[in-house]
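Contents: one structure, followed by commentary.
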Amino acid sequence: MLFDNTLEFAQQLDNQDPLKHFRSRFYIPQHNRTDAIYFTGNSLGLQPKSVRSYIEQELDDWARLAVDAHFEGKTPWVSYHEIFPAQLSKIVGCLPHEVVVMNQLTVNLHLLMASFYRPTAEKFKIICEAKAFPSDQYALESQVRLHGFNPSEAIVEVAPAEGKHSIQTHQIVNAIQEHKNQLALVLFGGVHYYSGQLFDIKSITAAAHAAGVYAGFDLAHAAGNVVLKLHEWNVDFACWCSYKYLNSGPGGVAGAYIHERFSTDKEFPRLAGWWGYSKESRFKMEKGFDPIPTAEGWQVSNAPILSMAAHKASLDIFDEAGMELLAEKSRKLTAYLLYILALMNKDLPENGVKIITPENENERGCQVSMFVKQNARLIFESLLKQGIVADWREPNVIRVAPVPLYNSFEEVWRFGSMLKKTLQG
(Lines give C-alpha, C1' and ligand atoms only; values in the text may rest on other atoms or scores of the structure.)
Protein backbone atom coordinates (compact mmCIF):
# COMPACT_ATOMS: atom_id res chain seq x y z
CA MET A 1 0.00 0.00 0.00
CA LEU A 2 1.00 3.63 -0.37
CA PHE A 3 2.19 5.35 2.80
CA ASP A 4 2.20 8.98 3.89
CA ASN A 5 4.72 10.52 6.25
CA THR A 6 2.28 12.36 8.51
CA LEU A 7 1.08 11.76 12.03
CA GLU A 8 -2.52 11.88 10.81
CA PHE A 9 -1.88 9.04 8.37
CA ALA A 10 -0.30 6.88 11.09
CA GLN A 11 -3.28 7.54 13.35
CA GLN A 12 -5.63 6.62 10.51
CA LEU A 13 -3.84 3.27 10.11
CA ASP A 14 -4.28 2.65 13.83
CA ASN A 15 -7.98 3.49 13.67
CA GLN A 16 -8.40 0.93 10.88
CA ASP A 17 -6.40 -1.75 12.70
CA PRO A 18 -8.61 -4.73 13.71
CA LEU A 19 -6.08 -5.69 16.40
CA LYS A 20 -5.71 -2.28 18.03
CA HIS A 21 -7.61 -3.23 21.18
CA PHE A 22 -5.01 -5.85 22.14
CA ARG A 23 -2.58 -3.12 23.19
CA SER A 24 -4.71 -2.47 26.27
CA ARG A 25 -4.16 -6.09 27.35
CA PHE A 26 -0.49 -5.43 28.11
CA TYR A 27 1.45 -3.35 30.62
CA ILE A 28 3.39 -0.65 28.76
CA PRO A 29 6.57 0.68 30.44
CA GLN A 30 6.28 4.34 31.39
CA HIS A 31 8.55 7.29 30.59
CA ASN A 32 7.75 10.65 32.17
CA ARG A 33 4.26 9.36 32.99
CA THR A 34 3.47 8.44 29.39
CA ASP A 35 3.82 5.18 27.48
CA ALA A 36 7.36 4.49 26.37
CA ILE A 37 7.85 3.37 22.78
CA TYR A 38 8.72 -0.25 23.47
CA PHE A 39 10.37 -1.79 20.41
CA THR A 40 12.18 -4.62 22.20
CA GLY A 41 9.68 -7.43 22.04
CA ASN A 42 12.37 -9.34 20.14
CA SER A 43 14.29 -9.49 23.43
CA LEU A 44 11.53 -9.60 26.07
CA GLY A 45 7.83 -9.37 25.29
CA LEU A 46 5.58 -7.21 27.43
CA GLN A 47 3.58 -8.67 30.29
CA PRO A 48 -0.07 -9.50 29.57
CA LYS A 49 -2.26 -8.03 32.29
CA SER A 50 -3.92 -11.41 32.71
CA VAL A 51 -0.70 -13.15 33.79
CA ARG A 52 -1.18 -12.28 37.45
CA SER A 53 -4.56 -14.00 37.72
CA TYR A 54 -3.31 -17.10 35.87
CA ILE A 55 -0.37 -17.48 38.27
CA GLU A 56 -2.50 -16.66 41.32
CA GLN A 57 -4.85 -19.51 40.39
CA GLU A 58 -1.95 -21.96 40.65
CA LEU A 59 -0.70 -20.35 43.86
CA ASP A 60 -4.19 -20.70 45.31
CA ASP A 61 -4.35 -24.36 44.29
CA TRP A 62 -0.93 -24.91 45.84
CA ALA A 63 -2.02 -23.24 49.09
CA ARG A 64 -5.39 -24.99 49.20
CA LEU A 65 -4.54 -28.45 47.91
CA ALA A 66 -0.75 -28.79 48.12
CA VAL A 67 0.30 -32.06 46.49
CA ASP A 68 -3.31 -32.93 45.62
CA ALA A 69 -3.31 -30.07 43.11
CA HIS A 70 -1.49 -32.44 40.78
CA PHE A 71 -4.84 -34.19 40.28
CA GLU A 72 -7.51 -31.97 41.84
CA GLY A 73 -6.48 -28.43 40.87
CA LYS A 74 -8.52 -26.32 38.48
CA THR A 75 -6.02 -27.34 35.81
CA PRO A 76 -4.41 -30.48 37.26
CA TRP A 77 -0.65 -30.14 37.35
CA VAL A 78 0.10 -33.70 36.30
CA SER A 79 -1.38 -32.96 32.87
CA TYR A 80 -0.83 -29.19 32.75
CA HIS A 81 1.43 -29.37 29.69
CA GLU A 82 -1.40 -30.97 27.74
CA ILE A 83 -3.30 -27.66 27.51
CA PHE A 84 -0.74 -26.16 25.10
CA PRO A 85 -0.49 -28.24 21.90
CA ALA A 86 -3.83 -27.20 20.39
CA GLN A 87 -2.90 -23.52 20.62
CA LEU A 88 0.83 -23.71 20.01
CA SER A 89 0.45 -25.96 16.96
CA LYS A 90 -1.39 -23.10 15.23
CA ILE A 91 1.49 -20.71 15.94
CA VAL A 92 4.28 -22.96 14.64
CA GLY A 93 2.23 -24.81 12.02
CA CYS A 94 2.25 -28.44 13.07
CA LEU A 95 0.05 -31.25 14.34
CA PRO A 96 -0.83 -31.01 18.04
CA HIS A 97 0.97 -34.24 18.92
CA GLU A 98 4.18 -32.88 17.35
CA VAL A 99 4.66 -30.08 19.89
CA VAL A 100 5.45 -29.96 23.59
CA VAL A 101 6.11 -27.20 26.13
CA MET A 102 9.09 -27.95 28.36
CA ASN A 103 12.42 -26.72 29.75
CA GLN A 104 14.27 -23.74 28.22
CA LEU A 105 15.48 -23.20 24.67
CA THR A 106 19.08 -24.36 24.86
CA VAL A 107 18.14 -27.32 27.06
CA ASN A 108 15.68 -28.38 24.38
CA LEU A 109 18.29 -27.82 21.68
CA HIS A 110 20.67 -30.19 23.46
CA LEU A 111 17.93 -32.79 23.96
CA LEU A 112 16.99 -32.66 20.30
CA MET A 113 20.59 -32.77 19.11
CA ALA A 114 21.08 -35.87 21.25
CA SER A 115 18.44 -37.47 19.02
CA PHE A 116 19.22 -35.93 15.64
CA TYR A 117 22.99 -35.36 15.71
CA ARG A 118 24.46 -38.86 15.71
CA PRO A 119 27.68 -38.49 13.76
CA THR A 120 29.94 -41.16 12.35
CA ALA A 121 33.59 -41.03 11.38
CA GLU A 122 32.52 -40.30 7.81
CA LYS A 123 29.48 -38.04 8.39
CA PHE A 124 29.99 -35.63 11.27
CA LYS A 125 29.59 -32.07 10.00
CA ILE A 126 26.90 -29.55 10.98
CA ILE A 127 25.92 -26.66 8.71
CA CYS A 128 24.63 -23.48 10.38
CA GLU A 129 24.53 -19.75 9.73
CA ALA A 130 27.55 -17.59 10.47
CA LYS A 131 27.27 -15.61 13.70
CA ALA A 132 24.43 -17.71 15.05
CA PHE A 133 23.19 -16.68 18.48
CA PRO A 134 26.02 -17.44 20.96
CA SER A 135 24.05 -20.00 22.95
CA ASP A 136 23.51 -21.98 19.73
CA GLN A 137 27.20 -21.73 18.91
CA TYR A 138 28.15 -23.06 22.32
CA ALA A 139 25.61 -25.87 22.08
CA LEU A 140 26.96 -26.91 18.69
CA GLU A 141 30.57 -26.76 19.85
CA SER A 142 29.89 -28.84 22.95
CA GLN A 143 27.85 -31.45 21.07
CA VAL A 144 30.61 -31.82 18.50
CA ARG A 145 33.25 -32.18 21.22
CA LEU A 146 31.14 -34.74 23.11
CA HIS A 147 31.31 -36.91 20.00
CA GLY A 148 35.07 -36.49 19.77
CA PHE A 149 35.26 -34.06 16.86
CA ASN A 150 36.96 -30.69 16.40
CA PRO A 151 34.43 -27.81 16.08
CA SER A 152 36.66 -26.00 13.58
CA GLU A 153 36.41 -29.01 11.27
CA ALA A 154 32.88 -30.19 12.06
CA ILE A 155 30.94 -26.90 12.08
CA VAL A 156 30.45 -25.29 8.67
CA GLU A 157 29.18 -21.70 8.82
CA VAL A 158 27.45 -20.10 5.84
CA ALA A 159 28.12 -16.36 5.75
CA PRO A 160 26.77 -13.51 3.62
CA ALA A 161 28.71 -12.72 0.46
CA GLU A 162 31.32 -9.97 0.70
CA GLY A 163 29.66 -6.63 1.32
CA LYS A 164 26.23 -8.20 2.00
CA HIS A 165 24.31 -8.63 5.24
CA SER A 166 21.95 -11.45 4.28
CA ILE A 167 22.67 -15.06 3.39
CA GLN A 168 21.12 -16.11 0.10
CA THR A 169 19.24 -19.40 0.05
CA HIS A 170 21.34 -20.68 -2.84
CA GLN A 171 24.46 -20.24 -0.67
CA ILE A 172 22.97 -22.54 1.96
CA VAL A 173 21.86 -25.10 -0.61
CA ASN A 174 25.29 -25.03 -2.26
CA ALA A 175 26.99 -25.56 1.10
CA ILE A 176 24.77 -28.56 1.80
CA GLN A 177 25.62 -30.04 -1.59
CA GLU A 178 29.33 -29.34 -1.17
CA HIS A 179 29.57 -31.08 2.20
CA LYS A 180 26.88 -33.75 1.82
CA ASN A 181 29.31 -36.68 1.92
CA GLN A 182 30.46 -35.61 5.39
CA LEU A 183 27.27 -33.95 6.58
CA ALA A 184 25.30 -35.16 9.61
CA LEU A 185 22.93 -32.26 10.35
CA VAL A 186 21.67 -28.89 9.09
CA LEU A 187 20.75 -26.60 11.99
CA PHE A 188 19.74 -23.00 11.28
CA GLY A 189 17.98 -20.19 13.05
CA GLY A 190 14.55 -19.27 11.75
CA VAL A 191 15.15 -15.52 11.98
CA HIS A 192 18.70 -14.29 12.51
CA TYR A 193 18.86 -12.46 15.84
CA TYR A 194 21.32 -9.81 14.57
CA SER A 195 20.19 -9.00 11.03
CA GLY A 196 16.53 -9.92 11.33
CA GLN A 197 16.71 -12.08 8.19
CA LEU A 198 14.03 -14.77 7.89
CA PHE A 199 15.57 -17.88 6.37
CA ASP A 200 13.79 -20.01 3.78
CA ILE A 201 13.01 -22.89 6.12
CA LYS A 202 11.13 -24.89 3.49
CA SER A 203 13.98 -24.79 0.94
CA ILE A 204 16.69 -25.45 3.54
CA THR A 205 14.77 -28.49 4.79
CA ALA A 206 14.30 -29.84 1.26
CA ALA A 207 18.01 -29.42 0.51
CA ALA A 208 18.99 -31.19 3.73
CA HIS A 209 16.68 -34.10 3.00
CA ALA A 210 18.01 -34.35 -0.56
CA ALA A 211 21.45 -34.76 0.99
CA GLY A 212 20.13 -37.45 3.32
CA VAL A 213 20.42 -35.49 6.60
CA TYR A 214 18.07 -34.02 9.19
CA ALA A 215 17.03 -30.36 9.25
CA GLY A 216 16.40 -28.56 12.55
CA PHE A 217 15.76 -24.93 13.47
CA ASP A 218 16.10 -22.57 16.42
CA LEU A 219 12.92 -20.50 16.19
CA ALA A 220 13.62 -18.12 19.09
CA HIS A 221 13.09 -15.08 16.86
CA ALA A 222 10.48 -16.71 14.61
CA ALA A 223 7.85 -18.26 16.91
CA GLY A 224 5.04 -15.76 17.38
CA ASN A 225 6.71 -13.43 14.85
CA VAL A 226 6.24 -15.02 11.42
CA VAL A 227 3.92 -17.60 9.90
CA LEU A 228 5.44 -21.06 10.26
CA LYS A 229 4.37 -24.35 8.65
CA LEU A 230 6.76 -26.82 10.22
CA HIS A 231 4.78 -29.97 9.44
CA GLU A 232 3.96 -28.93 5.87
CA TRP A 233 7.60 -28.00 5.26
CA ASN A 234 8.63 -31.43 6.56
CA VAL A 235 10.98 -29.95 9.18
CA ASP A 236 12.46 -32.68 11.36
CA PHE A 237 12.73 -30.77 14.64
CA ALA A 238 12.70 -27.26 16.08
CA CYS A 239 12.77 -25.46 19.41
CA TRP A 240 12.11 -21.94 20.66
CA CYS A 241 11.83 -19.77 23.74
CA SER A 242 8.62 -18.11 24.91
CA TYR A 243 9.84 -14.84 26.43
CA LYS A 244 10.29 -12.85 23.22
CA TYR A 245 7.33 -12.61 20.85
CA LEU A 246 5.35 -15.12 22.92
CA ASN A 247 5.33 -12.75 25.93
CA SER A 248 5.61 -15.43 28.61
CA GLY A 249 8.04 -13.82 31.02
CA PRO A 250 11.82 -13.73 31.56
CA GLY A 251 13.29 -17.22 31.33
CA GLY A 252 9.83 -18.56 30.51
CA VAL A 253 9.20 -22.19 29.65
CA ALA A 254 10.18 -23.11 26.09
CA GLY A 255 8.78 -25.29 23.31
CA ALA A 256 9.87 -28.09 21.01
CA TYR A 257 8.57 -29.64 17.81
CA ILE A 258 9.38 -33.14 16.58
CA HIS A 259 7.86 -34.34 13.29
CA GLU A 260 5.41 -37.18 13.81
CA ARG A 261 7.55 -39.68 11.89
CA PHE A 262 9.92 -39.48 14.87
CA SER A 263 7.60 -38.54 17.73
CA THR A 264 5.41 -41.59 17.15
CA ASP A 265 8.43 -43.89 16.89
CA LYS A 266 9.12 -45.29 20.34
CA GLU A 267 12.46 -46.69 19.16
CA PHE A 268 13.82 -43.33 18.01
CA PRO A 269 16.83 -42.45 20.22
CA ARG A 270 16.53 -39.77 22.87
CA LEU A 271 17.65 -38.79 26.35
CA ALA A 272 14.95 -40.09 28.66
CA GLY A 273 13.27 -38.81 31.80
CA TRP A 274 10.30 -39.76 33.96
CA TRP A 275 7.85 -37.28 32.45
CA GLY A 276 8.35 -38.67 28.96
CA TYR A 277 7.34 -42.13 30.17
CA SER A 278 4.03 -43.75 29.21
CA LYS A 279 1.25 -42.09 31.21
CA GLU A 280 -0.58 -45.36 31.76
CA SER A 281 2.30 -46.94 33.68
CA ARG A 282 4.41 -43.94 34.80
CA PHE A 283 3.55 -44.36 38.46
CA LYS A 284 4.48 -48.03 38.55
CA MET A 285 8.09 -46.76 38.74
CA GLU A 286 9.45 -49.63 36.64
CA LYS A 287 12.75 -49.93 34.80
CA GLY A 288 12.93 -49.70 31.02
CA PHE A 289 11.91 -46.44 29.36
CA ASP A 290 8.57 -46.61 27.52
CA PRO A 291 8.16 -43.23 25.76
CA ILE A 292 4.90 -41.44 25.14
CA PRO A 293 4.37 -41.73 21.33
CA THR A 294 4.15 -37.96 20.83
CA ALA A 295 6.53 -35.02 21.28
CA GLU A 296 5.83 -35.47 25.01
CA GLY A 297 8.17 -38.44 24.87
CA TRP A 298 11.10 -35.98 24.90
CA GLN A 299 10.11 -34.57 28.29
CA VAL A 300 12.59 -35.28 31.03
CA SER A 301 11.04 -33.40 33.97
CA ASN A 302 7.62 -32.47 35.26
CA ALA A 303 6.07 -29.13 34.39
CA PRO A 304 7.20 -25.78 35.89
CA ILE A 305 3.62 -24.79 36.65
CA LEU A 306 4.05 -21.10 37.50
CA SER A 307 6.02 -20.45 34.32
CA MET A 308 3.51 -22.44 32.32
CA ALA A 309 0.65 -20.38 33.76
CA ALA A 310 2.27 -17.22 32.39
CA HIS A 311 2.71 -18.95 29.04
CA LYS A 312 -0.96 -19.94 28.99
CA ALA A 313 -2.04 -16.33 29.59
CA SER A 314 -0.12 -15.21 26.50
CA LEU A 315 -1.20 -18.09 24.27
CA ASP A 316 -4.84 -17.35 25.07
CA ILE A 317 -4.28 -13.87 23.62
CA PHE A 318 -2.59 -15.30 20.52
CA ASP A 319 -5.49 -17.69 20.09
CA GLU A 320 -7.93 -14.79 20.21
CA ALA A 321 -5.97 -12.58 17.82
CA GLY A 322 -4.98 -15.27 15.30
CA MET A 323 -1.51 -15.74 13.85
CA GLU A 324 -2.52 -14.81 10.30
CA LEU A 325 -3.93 -11.42 11.33
CA LEU A 326 -0.92 -10.76 13.53
CA ALA A 327 1.46 -11.55 10.67
CA GLU A 328 -0.50 -9.32 8.30
CA LYS A 329 -0.31 -6.37 10.69
CA SER A 330 3.35 -7.09 11.36
CA ARG A 331 4.21 -6.92 7.67
CA LYS A 332 2.43 -3.58 7.38
CA LEU A 333 3.99 -2.15 10.56
CA THR A 334 7.51 -3.05 9.49
CA ALA A 335 6.96 -1.88 5.92
CA TYR A 336 5.81 1.46 7.33
CA LEU A 337 8.91 1.64 9.54
CA LEU A 338 11.16 0.97 6.53
CA TYR A 339 9.31 3.66 4.59
CA ILE A 340 9.83 6.20 7.39
CA LEU A 341 13.52 5.33 7.66
CA ALA A 342 14.04 5.55 3.89
CA LEU A 343 12.60 9.09 3.83
CA MET A 344 14.81 10.04 6.77
CA ASN A 345 17.90 8.72 5.01
CA LYS A 346 17.16 10.85 1.96
CA ASP A 347 17.28 13.94 4.17
CA LEU A 348 20.35 12.73 6.07
CA PRO A 349 22.67 11.15 3.49
CA GLU A 350 25.79 11.58 5.61
CA ASN A 351 24.61 10.65 9.09
CA GLY A 352 21.55 8.47 8.58
CA VAL A 353 21.28 4.72 9.13
CA LYS A 354 21.98 1.69 6.96
CA ILE A 355 19.30 -1.00 7.08
CA ILE A 356 20.77 -4.51 7.20
CA THR A 357 17.43 -6.35 7.41
CA PRO A 358 16.04 -7.56 4.06
CA GLU A 359 13.43 -5.24 2.60
CA ASN A 360 11.49 -8.13 1.06
CA GLU A 361 8.66 -8.96 3.47
CA ASN A 362 9.12 -12.67 2.76
CA GLU A 363 12.68 -12.47 4.09
CA ARG A 364 12.07 -10.77 7.44
CA GLY A 365 9.83 -10.68 10.47
CA CYS A 366 9.02 -7.51 12.39
CA GLN A 367 12.60 -6.73 13.45
CA VAL A 368 14.60 -4.03 11.66
CA SER A 369 18.34 -3.84 12.33
CA MET A 370 20.27 -0.74 11.36
CA PHE A 371 23.86 0.41 11.33
CA VAL A 372 24.16 3.90 12.75
CA LYS A 373 26.83 5.68 10.72
CA GLN A 374 28.06 8.18 13.31
CA ASN A 375 28.12 8.27 17.14
CA ALA A 376 26.07 5.10 17.29
CA ARG A 377 26.21 4.51 21.05
CA LEU A 378 25.43 8.14 21.84
CA ILE A 379 22.45 8.02 19.49
CA PHE A 380 21.17 4.87 21.16
CA GLU A 381 21.52 6.32 24.66
CA SER A 382 19.81 9.53 23.57
CA LEU A 383 16.85 7.53 22.27
CA LEU A 384 16.59 5.70 25.61
CA LYS A 385 16.45 9.03 27.43
CA GLN A 386 13.58 10.05 25.16
CA GLY A 387 11.54 6.98 26.08
CA ILE A 388 12.40 4.73 23.13
CA VAL A 389 13.22 1.23 24.37
CA ALA A 390 15.32 -0.29 21.59
CA ASP A 391 18.13 -2.84 21.58
CA TRP A 392 21.89 -2.34 21.14
CA ARG A 393 24.29 -4.78 19.48
CA GLU A 394 28.00 -4.20 19.04
CA PRO A 395 29.62 -2.53 17.24
CA ASN A 396 27.02 -0.01 16.01
CA VAL A 397 23.67 -1.74 15.47
CA ILE A 398 20.29 -0.72 16.86
CA ARG A 399 17.52 -3.30 16.60
CA VAL A 400 13.87 -2.29 16.76
CA ALA A 401 10.87 -4.59 16.55
CA PRO A 402 7.36 -3.14 16.27
CA VAL A 403 5.24 -6.00 17.61
CA PRO A 404 1.68 -6.24 16.25
CA LEU A 405 0.01 -7.20 19.54
CA TYR A 406 0.93 -3.99 21.34
CA ASN A 407 2.78 -1.55 19.06
CA SER A 408 1.09 1.04 16.86
CA PHE A 409 1.67 2.89 13.60
CA GLU A 410 1.74 6.14 15.53
CA GLU A 411 4.65 4.80 17.58
CA VAL A 412 6.50 3.98 14.37
CA TRP A 413 5.94 7.52 13.11
CA ARG A 414 7.06 9.06 16.41
CA PHE A 415 10.14 6.86 16.51
CA GLY A 416 11.12 7.99 13.01
CA SER A 417 10.62 11.62 13.94
CA MET A 418 12.65 11.32 17.16
CA LEU A 419 15.43 9.35 15.48
CA LYS A 420 15.75 11.96 12.74
CA LYS A 421 15.99 14.82 15.22
CA THR A 422 18.53 12.91 17.26
CA LEU A 423 20.70 12.18 14.22
CA GLN A 424 20.52 15.84 13.21
CA GLY A 425 21.86 16.78 16.64
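The values are calculated or read from the model by the stated rules, or taken from the named source; none is laboratory data. Note that this is a predicted model, so its numbers are computed, not measured. Cβ placement follows ideal geometry from the backbone for every residue including glycine, while neighbour counts extend to all protein chains displayed. Ligands, DNA and RNA are stripped out before the accessible areas are found, and what is left, the full protein with its side chains, is counted by its heavy atoms. Shrake-Rupley method; radii C 1.70, N 1.55, O 1.52, S 1.80 Å.
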| query | Residues that are closer than 27 Å to LEU219 by Cα, open to solvent by 10 Å² or more (accessible area, probe 1.4 Å) and modelled with pLDDT of 95 or more: which helices (runs of 4 or more DSSP H) entirely in the stretch 308-425 hold 3 or more of them? | reply | 323-347
| said: Any residue at all in the stretch 177-184 that's open to solvent by less than 30 Å² (accessible area, probe 1.4 Å) and farther than 25 Å from GLU324 by Cβ? | reply: yes
| note | Scanning the stretch 17-36 for residues that are out of contact with any Pro (no Cβ under 9 Å at 6 or more places or on another chain) and assigned to a strand (DSSP E or B), the one nearest to SER248 (Cα to Cα) turns out to be GLN30
| query | Here are LEU44, LEU13: which of them is of a type in the set (A, V, I, L, M), within 20 Å of the chain's Cα centre (by Cα) and either closer than 26 Å to PHE133 by Cβ or not in a strand (DSSP E or B) (or both)? | reply | LEU44
| said: I need the full set of residues from the stretch 297-307 which are in contact with an Asp or Glu (Cβ under 9 Å, 6 or more places away or on another chain) and open to solvent by 30 Å² or more (accessible area, probe 1.4 Å), in order please. | reply: LEU306
| said: Whether any residue in the stretch 383-398 is within 17 Å of ALA342 (Cβ to Cβ) and under 27 Å from the mean Cα position of the chain (by Cα) is what I want to check. | reply: yes
| note | Of those in the stretch 245-272 that are in contact with a strand residue (DSSP E or B) (Cβ under 6 Å, 6 or more places away or on another chain) and over 26 Å from ARG52 (Cα atoms), the residue surrounded by the most Cβ atoms within 10 Å (Cβ to Cβ) is ILE258
| said: Which pairs turn up if I take residues in the stretch 1-17 that are in contact (Cβ under 8 Å) with a residue 24 or more places away in the chain and more than 13 Å from LYS332 (Cα to Cα) and look for partners that are assigned to a helix (DSSP H, G or I) and not acidic (Asp, Glu) with beta carbon separation below 6 Å, at least 6 apart in sequence or on another chain? | reply: ASN5/LEU343; LEU7/TRP413
| task | Return a yes/no flag: does the stretch 3-22 have any residue that is open to solvent by 70 Å² or more (accessible area, probe 1.4 Å) and among the hydroxyl-bearing types (Ser, Thr, Tyr). | result | no
| Would you pick out the residues in the stretch 201-210 that are surrounded by 20 or more Cβ atoms within 10 Å (Cβ to Cβ) and not β-branched (Val, Ile, Thr)? | ALA207, ALA208
| Restricting the stretch 229-244 to residues that are open to solvent by less than 10 Å² (accessible area, probe 1.4 Å) and not polar (S, T, N, Q), which is farthest from GLU260 (Cα to Cα)? | CYS241
| Hits in the stretch 273-295 (condition: among the aliphatic types (A, V, I, L, M) and open to solvent by 60 Å² or more (accessible area, probe 1.4 Å)) | MET285
| task | Pick out the one residue from GLY73, GLY45 that is without any contact (Cβ under 8 Å) to a residue 60 or more places away in the chain, surrounded by 14 or more Cβ atoms within 10 Å (Cβ to Cβ) and either touching a strand residue (DSSP E or B) at 6+ places or on another chain (Cβ under 9 Å) or more than 20 Å from LYS332 (Cβ to Cβ) (or both). | result | GLY73
| message | Looking at the stretch 50-67 only, could you name the residues that are touching a Leu at 6+ places or on another chain (Cβ under 9 Å) and either at pLDDT below 95 or of a type in the set (A, V, I, L, M) (or both)? | response | ILE55, LEU59
